Amino acid sequence: MDNLKEKEQKLLESLVRLDTITDLVVSSKKKIVDLQEVRSNLENEKNSLNKKLSTFENENESLKSQLQDLENSINNQDTSDEDLREKIIIIEEENSKLKNSISKLEKDLKSSKYRVMQAEKNKDEVSKRLDELNQDADNLLGSDEW
């Protein structure tokens, strides 16, 4: 009779451990899904930043072209030096602002890349842990305790 109670107790303990492992597996799968969503969001953000960077680069090229045109007009026209200096200063300020914006976007892009790498690393760690938990569950299910 004691042997039967002992087996019953071991069975209950196994069931409790199996429930715990099941909860861990479900939690790990949810975390993986969450990490995949974060990764997707970061990819979207990265793409958006790349588009903005491209736009700023195009605007920068346009401003450079305008600056070149202005320099050409300085050589070809009889305009007062003061007016031309003011226009050049304005264009250089705009160009500087664009360079600063591009620099910031590049930093944001680096940050986004880092976050994506971290998310992938976390995903790999969670996947590894999930594999370990699945192996533990398989081991428990395959043991002679039943």
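Work out, step by step, the length gained on full extension between Glu37 and Ser80: first 0.36 nm times the residue separation, then minus their alpha carbon distance; give nm to one decimal.
Extending this stretch completely gives an extra 9.6 nm.
Using Cα atoms only, what is the angle between the long axis of helix 81-142 and the major principal axis of the chain, expressed in degrees (0 to 90) to the nearest 10?
Between the helix axis and the principal axis of the chain, the angle is about 10 degrees.
By the scheme Lys and Arg +1, Asp and Glu -1, what is the net charge of all other residues having a beta-carbon under 12 Å from that of Asp138?
-3
Rounded to the nearest 500 deg cm²/dmol, what is the calculated helix-only ellipticity per residue at 222 nm for the chain, with -39500 (n - 2.57) per DSSP H run of length n ≥ 4?
It comes out at -35500 deg cm²/dmol, rounded to the nearest 500.
How far, in degrees from 0 to 90, does helix 2-76 lean away from the longest principal axis of the Cα atoms of the chain, to the nearest 10?
The helix 2-76 is inclined about 10 degrees to the chain.
Can you bin region 6-78 into rounded, prolate or oblate? Criterion: square roots of the alpha carbon gyration tensor eigenvalues sorted a ≥ b ≥ c, rounded for a/c under 1.5, prolate for a/b above b/c, oblate for the rest.
In terms of gyration-tensor shape, prolate.
How much space per residue, in cubic angstrom, does the convex hull of the C-alpha atoms of the chain take up?
84
FYI, it's all coordinate maths here, none of it is from the lab. Since we're looking at a predicted model, the values are computed, not measured. Using ideal geometry, Cβ is built from the backbone for each residue, glycine included, and neighbour counts are taken over all protein chains shown.
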